[in-house]
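Below is one structure, written out as C-alpha cells; the observations come after it.
The values are calculated or read from the model by the stated rules, or taken from the named source; none is laboratory data. Being a predicted model, the structure only gives us computed values, none of them experimental. When we count neighbours, we look across all protein chains shown, and the Cβ atoms used for this are built from the backbone with ideal geometry, even at glycine.
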C-alpha cells in the first residue's frame, strides 16, 4: 500500500462521521430545535459532534476489529448525538 492509499483510507474512515455530524447539526439547529440551540454556534456544535463521532469510529475499529459493522455505525452515531443531547438537556 502506497502512502497515498494509506492517506485515502484514513480520510475515508473519518469522512462518514464528519459529514453525518454536519447533517445532524444542520437538522437539529436549523430545523428541529432552533430556539433551544440558539446560543450555540454551528461550528462549535459540529466540531464537538464530529470529534465524538470520530472517537466512536476508532472505538468500534479497536473493539470490533473491522470497520463497516452495524454495531460500529450505531456507536459513532450515538456518540455524535451526545453533544446535541447534552445541550438540549441544559436548555
Within the stretch 68-88, tally of residues that are loosely packed, with under 12 Cβ neighbours inside 10 Å and modelled with pLDDT under 90
1
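Table: residues versus (1) in contact (Cβ under 8 Å) with a residue 24 or more places away in the chain; (2) under 20 Å from residue 85 (Cα atoms); (3) out of contact with any helix residue (DSSP H, G or I) (no Cβ under 6 Å at 6 or more places or on another chain).
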site: 3; (1), (2), (3): no, no, yes
site: 8; (1), (2), (3): no, no, yes
site: 17; (1), (2), (3): yes, yes, no
site: 21; (1), (2), (3): yes, yes, no
site: 27; (1), (2), (3): no, yes, yes
site: 43; (1), (2), (3): no, yes, yes
site: 57; (1), (2), (3): yes, yes, no
site: 64; (1), (2), (3): no, no, no
site: 70; (1), (2), (3): no, no, yes
Within the stretch 23-41, work out how many residues are surrounded by fewer than 17 Cβ atoms within 10 Å (Cβ to Cβ) and part of a helix (DSSP H, G or I).
6
